Amino acid sequence: MYFKTQKFLVVGASRSGIAATKLLIENGAVCYIYDDSESPLIVKSIESLVGLGAITVDKTQINERLDEVDVVVLSPGVAIDHEIPIAAKKLGKRIIGELELGFTLCKSPIVAVTGTNGKTTTCTLIRDILNDENNRAVLCGNAGIPLSAVLGDLDKNSIAVAEVSSFQLETVWSFCPHIAVITNITPDHLSRHYNMENYIFLKGKILSNMRESEYAVLNHDDATVVKFSEKTKAKCVFFSIKNEVNGAYVSDGKIYYKGKYIMDTAEIPIGGAHNVLNVLASVCVAKIMGIADDEIAQKIRIFKGVKHRIQFIKTVDGVDYYNDSKATNADATLKAVDSMKKPTVLILGGKDKGLPFDGLFERLKNSEVKHVVLTGESRYTLLESAKKAKFDCVSVTEDFEIAFKIAKIAAKDGDCVLLSPACSSFDAFSDYEERGDKFISLVEGIDGGNKS
């Protein structure tokens, strides 16, 4: 692509769309921007982009602009089967995403992490381990700041650590990280991707352009993930808590990398078997990047985890409150539940992503969960699954604040309240972060000593 002679249409004024538009304008491209949302935040974002030189497009002008532009840039929230990319494809237009756009101009090596769960924790830990006086590691992608927005902070002495979602992988064609990590694959986003076969295919696209000079870090304990090793040309390095593998593994409570001791698992400051796997994946990346064993162990020992992922907020009236708003599927919720060691009141619900919940409640019957509060758009779908599993300790309310109040009343001294919704947040919030921040504010607002 030669930006100064080509025209671009950015579809979606989300964080990714804003970053892509700014990058295109900075590089001399003619850039149109379209978003059919009437949200004040989106409207304000588009106005600021127009001030930089972008040209707005309304719905009546889309077909005309599609004829005119050379490239369509989709925000991750816009599916590849949306009417605009379908029309663009019929016209023979190139369709890419913000991640692909950022990659074409990125000067630093990229460590990319995908998977159903564990992406943000793994990315953040990798960033912390790699960031030292010799290297500047920058966290980007689906974890918060788009790759296109951090290019100015990246050079040959930097490393981009990018969280990559299946939505982003729909529109990558040449994207090739130096190291690609796949944490795990369980059902998720099927309302968008239709079936597991397509979801698995999209996750595998992160490896598509990798060659013998790159590395694929794969979860050996996940039968779906380990199969990717048969298809990629990249060097495969594995991690496992079950077996000794060519990579990072656990034996007798100790972490090893290719036979060399790194640290004890008891030294990991964040709990749960899933976090041991996240640590093992991070160890693989760090060793590939040449980090010393003692430095890796030191960085892991001081890691505090990430906000909104099994985040301890505070104890009030003897009740521990945990924010796990980032758990947007049942598998993530079960990992959070498994880490609870006290009787737990669980808040579930949000926007329905078309995923089944029957297995969730069967597992909850054998956990520390004593009561579940169902809320949001998916509350009745969840209720039906609870009934099928004969899980009877359930309350239902549409309102999130009321759900919190019910959970607070149901929790007794010595219990936990866990927000781990197993659903996305878009029925009532802009994203999981806003939902988690709301939960934190409700916890902070509790008047200690008053359970009403």
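Miscellaneous remarks
- Fewest-first sequence of His178, His193 by Cβ atoms within 10 Å of each Cβ: His178, His193
- Listed cross-link partners Lys93/Lys353; Lys44/Lys93; Lys242/Lys335; Lys307/Lys342; Lys22/Lys107; Lys287/Lys341 are compared with a 24 Å cut-off, the Cα-Cα value being larger for Lys93/Lys353; Lys44/Lys93; Lys287/Lys341.
- Backbone amide hydrogens, once placed in the peptide plane, bring Ile262 within less than 5 Å of Ile255, Tyr256, Tyr257, excluding anything fewer than 5 places away on its chain.
- A cut-off of 5 Å between modelled amide H atoms, ignoring neighbours fewer than 5 places along the same chain, links Val372 with Leu346, Val394, Ser395.
- Trypsin sites (Lys or Arg not before Pro) within region 105-203, DSSP loop, no more than 12 other Cβ atoms inside 10 Å: Lys107, Lys156
- Here the residues Asp132, Asp188, ranked from fewest to most Cβ neighbours within 10 Å of their Cβ, fall in the order Asp132, Asp188.
- Seen from a random direction on average, the alpha-carbon convex hull of region 106-301 projects onto 10.5 square nanometres.
- Under the Karplus curve 6.51 cos²θ - 1.76 cosθ + 1.60, θ = phi - 60°, whole-Hz ³J(HN,Hα) for region 60-77, x wherever Gly or Pro sits: 6, 9, 4, 4, 5, 5, 4, 4, 7, 7, 9, 9, 10, 10, 8, 6, x, x
- Taking the Cα centre of the chain as reference, the dipole from Cβ charges on Lys and Arg (+1) and Asp and Glu (-1) amounts to some 760 debye.
- Cα gyration tensor shape for the chain, rounded if a/c is under 1.5, else prolate or oblate: oblate
- Neighbour-count order for Met289, Met1, fewest beta carbons within 10 angstrom listed first: Met1, Met289
- For region 1-95: rounded, prolate or oblate by the Cα gyration tensor [a/c cutoff 1.5]: oblate
- By average C-beta atoms within 10 angstrom, highest first, the peptides 396-406, 17-27: 17-27, 396-406
- Per-residue ellipticity at 222 nm, computed for the chain from helices alone with -39500 (n - 2.57) per DSSP H run of at least four residues, works out to -10000 deg cm²/dmol.
- Three-way shape label, region 74-151, alpha-carbon gyration tensor, a/c 1.5: prolate
Just so you know, all these numbers are worked out from the coordinates, no wet-lab data involved. Being a predicted model, the structure only gives us computed values, none of them experimental. Neighbour counts are summed over all protein chains in view; Cβ atoms, including those assigned to glycine, are modelled from backbone coordinates with ideal geometry.
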